[in-house]
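The structure appears right after this line, and notes come after that.
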Protein chains: 2
Amino acid sequence: MRLMEAIPNFSEGRRPEVVERIAASFRRPDVFLLDQEMDATHNRAVVTAVGEPDALRQACLDACAVACELIDLTRHQGEHPRMGATDVIPFVPLSGTTQDEAVAQARELAEQIWRTLAIPTYLYEDAARDQNRRLLPAIRKGGFEALRDGAIHEQGRQPDVGGPDVHPTAGATAVGARKPLVAFNVNLATTDLELGKSIAKAVRESSGGLPKVRAMAVDMRARGRVQVSMNLTDTETTPIFQAYEFVAEAARAAGVWVAESEVIGLVGLNALTDVARHALQVEAFSTAQVLENKLLSVLAERDHEAS
Amino acid sequence: MRLMEAIPNFSEGRRPEVVERIAASFRRPDVFLLDQEMDATHNRAVVTAVGEPDALRQACLDACAVACELIDLTRHQGEHPRMGATDVIPFVPLSGTTQDEAVAQARELAEQIWRTLAIPTYLYEDAARDQNRRLLPAIRKGGFEALRDGAIHEQGRQPDVGGPDVHPTAGATAVGARKPLVAFNVNLATTDLELGKSIAKAVRESSGGLPKVRAMAVDMRARGRVQVSMNLTDTETTPIFQAYEFVAEAARAAGVWVAESEVIGLVGLNALTDVARHALQVEAFSTAQVLENKLLSVLAERDHEAS
């Protein structure tokens, strides 16, 4: 089955019935709602959905329409920075889909949101057309109020699609594409924070380490540990196993052992088969060999036929 | 979702319409037909199905009834040893189920097959009541004809359930339980078969190596390799990564490198998360953190509601 993931964020975290109506857009043939979370302090909801790419995009568009109808940013308050009723929509390629397709879906959705809802859109991360606007904070700076009050007309801040003004109540929406991100921490059996910092610096891409790795050291003195906390933004380029080995090797060179590691949250099967490929030297191993994945194809087929 | 696997073997490999009718028993709520294969030379079909344990057992019973109706062993010829129209049914625990449950399902099915179809049954592998009868070849020795012609009355060969004679056309059926088996080969960059043999001997359980590992050396001279070919019969006890490390270490001690490894056929997600757990030292990692597995639960739920 060809699968893509979308993790749209909506500016509503206090009215469950609104979040429920938004989430309902993702209950449709070939789309599967995996998770919905709302936070009253942030006044924000995050939906995780997976599906056939075109169907998933259509579901996102429907959800945007619901959010546009039910959320009024002129009355919205919350801790989290936001500029739209639908604030951001990142697409992530999963089994059988590519990063290029995720970019294409993001750009198509950005067009559709403007065309059908008159909400101007920005393209970010891998979907960005302007490489100076890859990162969300630069796009969202000042939030809905700043954009509405004129920032949207400034040089370099005009929307990628639509405009020139924000939608009066739904603001603007950022649509993007990125690879699956794996949050991976290696805990060292030491309280030597300086060692942790030097290893984090060695492993992170920005200071010449492994590609697609962000890293920082975290003081976990109370547990007798120093943590090298990493975000792996492309586990095809740098698999989890390689990041682990790099950190373990650097620690070993300083006479320190790895106490344990942690994988935070959900990971795609791809990232896991990449671990097997590298740890076991199994070049030819594929996700198609995983029984649960085969079962998934059978169920998805049945679901499609039933709907 | 609580999942069990069954891989029933039927004595029909030439009449596709019969195999199709047997396989149709596995298309029902909460049961998923993953694979069906037939072989004319062996005159045998193998079905791979996964499902909620009780529903899967009921599907197996229905398939036995179809096989009993449509297959006549007195007219059956084929290369593969067999004693029943439904010859063997192994149960394998998957996500959320235990080996004890697989044993219980096997024993219950063995009772049901006798009660509803008057086919005597044998219990084998982990479901065996008689520890001398764990292995299939001992139970099936001489096949349908030998049992029919009197072997079934010999000391130690009486059925576990039912009897005293075989079913006149459907023979007898062996029902068992085992853990998921992983076929894993490590190819060494050498043509030294003796080295391969000594490593295979060192790693296999029967000569004091790793628990739940069977191993043999295979001459792959034409490819410039020696293969240590392993069956891992319990990857919870000895994970794939541990078997790999054992062989790699032994080869290294002899100055030889691992060229590559191979995982043959389907593996369960458990075996894969076990690799991650060991290779990355991630104690707490679980199959629930795999996105595709979460999606599987959502689809299974939807499928259940629809049916």
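Would you please name the residue that is nearest to A:Leu291 (Cα to Cα), looking only at residues in the stretch B:181-197 that are crowded, with 24+ Cβ neighbours inside 10 Å and over 19 Å from the mean Cα position of the chain (by Cα)?
Keep residues of the stretch B:181-197 that are crowded, with 24+ Cβ neighbours inside 10 Å, which gives B:182, B:184, B:186, B:188, B:196.
Filter again for over 19 Å from the mean Cα position of the chain (by Cα), leaving B:186, B:188, B:196.
Numbers: B:Val186: 22, B:Leu188: 28, B:Gly196: 30 Å.
Only one residue fits best here, namely B:Val186.
If you take the residues of the stretch B:221-245 that are in a helix (DSSP H, G or I) and within 12 Å of chain A (Cβ to nearest Cβ), which of them is farthest from B:Ser95 (Cα to Cα)?
In the first step, residues of the stretch B:221-245 are kept if they are in a helix (DSSP H, G or I); the result is B:221-223, B:240-245.
Filter once more, keeping what is within 12 Å of chain A (Cβ to nearest Cβ): B:240-245.
Numbers: B:Ile240: 18, B:Phe241: 20, B:Gln242: 22, B:Ala243: 22, B:Tyr244: 24, B:Glu245: 26 Å.
The extreme case among them is B:Glu245.
Take B:Asp87 and tell me if it is more than 14 Å from chain A (Cβ to nearest Cβ), within 21 Å of B:Leu109 (Cα to Cα) and not in a helix (DSSP H, G or I).
Yes; evaluated as a whole, the condition is true for this residue.
Can you find even one residue in the stretch B:278-288 that is of a type outside the set (Ser, Thr, Tyr), surrounded by 21 or more Cβ atoms within 10 Å (Cβ to Cβ), closer than 12 Å to A:Ala276 by Cβ and more than 9 Å from every other protein chain (Cβ to nearest Cβ)?
no
Scan the stretch B:229-247 for residues that are among the aliphatic types (A, V, I, L, M) and closer than 14 Å to B:Val275 by Cβ and jot them down.
To start, the set of residues in the stretch B:229-247 that are among the aliphatic types (A, V, I, L, M) comprises B:230, B:232, B:240, B:243, B:247.
B:Leu232, B:Ile240, B:Ala243, listed by residue number.
Whether any residue in the stretch B:49-67 is in a loop (DSSP other than H, G, I, E, B), of a type in the set (Asp, Glu), within 26 Å of B:Thr235 (Cβ to Cβ) and assigned by TED's automatic domain parsing to the domain that holds B:Gly142 is what I want to check.
If we filter the stretch B:49-67 for residues that are in a loop (DSSP other than H, G, I, E, B), which is where we start, we get B:52.
Cutting the leftovers down to of a type in the set (Asp, Glu) gives us B:52.
Filter once more, so that each one left must be within 26 Å of B:Thr235 (Cβ to Cβ): B:52.
From what is left, the residues that are assigned by TED's automatic domain parsing to the domain that holds B:Gly142 are B:52.
There is at least one residue in the stretch B:49-67 that is in a loop (DSSP other than H, G, I, E, B), of a type in the set (Asp, Glu), within 26 Å of B:Thr235 (Cβ to Cβ) and assigned by TED's automatic domain parsing to the domain that holds B:Gly142.
How many of the residues in the stretch B:126-154 are assigned to a helix (DSSP H, G or I) and on the phi < 0 side of the Ramachandran plot?
Counting residues in the stretch B:126-154 that are assigned to a helix (DSSP H, G or I) and on the phi < 0 side of the Ramachandran plot gives 16.
Among the residues of the stretch A:252-263, which ones are of a type in the set (A, V, I, L, M) and at the interface with chain B (Cβ under 9 Å from one of its Cβ atoms)?
Of the residues in the stretch A:252-263, the ones of a type in the set (A, V, I, L, M) are A:253-254, A:256, A:258-259, A:263.
Listed by number, the residues that qualify are A:Val258, A:Ala259, A:Val263.
For the stretch B:38-60, what are the residues that are modelled with pLDDT under 95 and away from every other protein chain (no Cβ under 14 Å)?
The answer is B:Met38, B:Asp39, B:Ala40, B:Thr41, B:His42, B:Asn43, B:Arg44, B:Ala45, B:Val46.
From the list A:Thr273, A:Thr238, A:Thr233, pick out the single residue that is without any contact (Cβ under 8 Å) to a residue 60 or more places away in the chain and in contact with a Pro (Cβ under 7 Å, 6 or more places away or on another chain). Before you say what the answer is, go through the steps one by one.
Working: A:Thr273 fails: in contact with a Pro (Cβ under 7 Å, 6 or more places away or on another chain); A:Thr233 fails: in contact with a Pro (Cβ under 7 Å, 6 or more places away or on another chain).
So the residue among A:Thr273, A:Thr238, A:Thr233 that is without any contact (Cβ under 8 Å) to a residue 60 or more places away in the chain and in contact with a Pro (Cβ under 7 Å, 6 or more places away or on another chain) is A:Thr238.
Is it true that B:Leu123 is in contact with a strand residue (DSSP E or B) (Cβ under 7 Å, 6 or more places away or on another chain) and part of a helix (DSSP H, G or I)?
Working: in contact with a strand residue (DSSP E or B) (Cβ under 7 Å, 6 or more places away or on another chain): yes; part of a helix (DSSP H, G or I): no.
Answer is no for this residue.
Working only within the stretch B:141-162, note down all residues that are out of contact with any Gly (no Cβ under 9 Å at 6 or more places or on another chain) and crowded, with 17+ Cβ neighbours inside 10 Å.
Selection gives B:Arg157, B:Pro159, B:Asp160, B:Val161, B:Gly162.
Name the single residue, out of those in the stretch B:289-298 being surrounded by fewer than 22 Cβ atoms within 10 Å (Cβ to Cβ), more than 23 Å from A:Ala259 (Cα to Cα) and of a type outside the set (D, E, K, R), that is farthest from the other protein chains (Cβ to nearest Cβ). Before the answer, list the steps.
Of the residues in the stretch B:289-298, the ones surrounded by fewer than 22 Cβ atoms within 10 Å (Cβ to Cβ) are B:289, B:294, B:297-298.
Okay, now just the ones that are also more than 23 Å from A:Ala259 (Cα to Cα), so B:294, B:297-298.
Within this subset, residues satisfying the condition of being of a type outside the set (D, E, K, R) are B:297-298.
On the way: B:Ser297: 9, B:Val298: 5 Å.
By that ranking, first place goes to B:Ser297.
Only one of B:Asp30, B:Asp54, B:Asp87 is crowded, with 23+ Cβ neighbours inside 10 Å and acidic (Asp, Glu); which?
Working: B:Asp30 fails: crowded, with 23+ Cβ neighbours inside 10 Å; B:Asp54 fails: crowded, with 23+ Cβ neighbours inside 10 Å.
Only one candidate qualifies: B:Asp87.
For residues that are touching a strand residue (DSSP E or B) at 6+ places or on another chain (Cβ under 9 Å) and facing another protein chain (nearest Cβ under 8 Å), tally how many sit in the stretch A:264-277. If you could, list the steps in order and put the result at the bottom.
Let us first name the residues in the stretch A:264-277 that are touching a strand residue (DSSP E or B) at 6+ places or on another chain (Cβ under 9 Å), namely A:264-269, A:271-273, A:276.
Filter once more, keeping what is facing another protein chain (nearest Cβ under 8 Å): A:265-269, A:272-273, A:276.
So the answer is 8.
Give the residues of the stretch B:71-84 that are closer than 13 Å to B:Gly13 by Cα and surrounded by 18 or more Cβ atoms within 10 Å (Cβ to Cβ), sorted by residue number.
Passing the criteria: B:Ile71, B:Leu73, B:His76, B:Arg82.
Can you pull out every residue in the stretch A:102-120 that is within 23 Å of A:Thr235 (Cα to Cα) and touching a strand residue (DSSP E or B) at 6+ places or on another chain (Cβ under 6 Å)? Even if it seems obvious, please write down each step before you answer.
Here is the first cut: in the stretch A:102-120, the ones within 23 Å of A:Thr235 (Cα to Cα) are A:102-106.
Passing the criteria: A:Ala102, A:Val103, A:Gln105, A:Ala106.
Which of the residues belonging to the stretch A:255-276 are over 13 Å from A:Val182 (Cα atoms) and either among the β-branched types (Val, Ile, Thr) or surrounded by fewer than 19 Cβ atoms within 10 Å (Cβ to Cβ) (or both)?
A:Gly255, A:Val256, A:Trp257, A:Val258, A:Glu260, A:Thr273 - these are the residues of the stretch A:255-276 that are over 13 Å from A:Val182 (Cα atoms) and either among the β-branched types (Val, Ile, Thr) or surrounded by fewer than 19 Cβ atoms within 10 Å (Cβ to Cβ) (or both).
Residue check: is A:Ala251 in a helix (DSSP H, G or I), assigned by TED's automatic domain parsing to the domain that holds A:Val226 and under 20 Å from A:Leu188 (Cβ atoms)?
On the way: in a helix (DSSP H, G or I): yes; assigned by TED's automatic domain parsing to the domain that holds A:Val226: yes; under 20 Å from A:Leu188 (Cβ atoms): yes.
Against the criterion (in a helix (DSSP H, G or I), assigned by TED's automatic domain parsing to the domain that holds A:Val226 and under 20 Å from A:Leu188 (Cβ atoms)), A:Ala251 qualifies.
Identify the residue in the stretch A:161-180 that is part of a loop (DSSP other than H, G, I, E, B) and among the hydrophobic types (A, V, I, L, M, F, W, C) and, among all such residues, is farthest from the chain's Cα centre (by Cα).
Going through the stretch A:161-180, the residues part of a loop (DSSP other than H, G, I, E, B) turn out to be A:162-166, A:168-170, A:172, A:178-180.
From the residues that got through so far, the ones that are among the hydrophobic types (A, V, I, L, M, F, W, C) too are A:166, A:170, A:172.
Values: A:Val166: 24, A:Ala170: 22, A:Ala172: 19 Å.
Among those that are part of a loop (DSSP other than H, G, I, E, B) and among the hydrophobic types (A, V, I, L, M, F, W, C), it is A:Val166.
Give me the residue from the stretch B:9-47 that is free of Cβ contacts under 8 Å to residues at least 60 places away in the same chain and either hydroxyl-bearing (Ser, Thr, Tyr) or outside the structural domain of B:Asp72 (by TED's automatic domain parsing) (or both) and, out of that set, nearest to B:Ala65 (Cα to Cα).
Among them, the one singled out is B:Ser25.
Condition (residue is in a loop (DSSP other than H, G, I, E, B), of a type outside the set (A, V, I, L, M), surrounded by fewer than 19 Cβ atoms within 10 Å (Cβ to Cβ) and at pLDDT below 95) applied to the stretch A:98-116: is it met by at least one residue?
The initial filter retains those residues of the stretch A:98-116 that are in a loop (DSSP other than H, G, I, E, B), namely A:98.
Okay, now just the ones that are also of a type outside the set (A, V, I, L, M), so A:98.
From the residues that got through so far, the ones that are surrounded by fewer than 19 Cβ atoms within 10 Å (Cβ to Cβ) too are A:98.
Next cut, at pLDDT below 95 only: A:98.
The answer is yes, given that some residue of the stretch A:98-116 is in a loop (DSSP other than H, G, I, E, B), of a type outside the set (A, V, I, L, M), surrounded by fewer than 19 Cβ atoms within 10 Å (Cβ to Cβ) and at pLDDT below 95.
Within the stretch B:198-205, is even one residue crowded, with 23+ Cβ neighbours inside 10 Å, within 14 Å of another protein chain (Cβ to nearest Cβ) and more than 30 Å from A:Pro180 (Cβ to Cβ)?
no
The values are calculated or read from the model by the stated rules, or taken from the named source; none is laboratory data. For clarity, every value in this text was computed on a predicted model and none was experimentally measured. Positions of Cβ are generated from backbone atoms using ideal geometry, with glycine treated the same way; all protein chains shown enter the neighbour counts.
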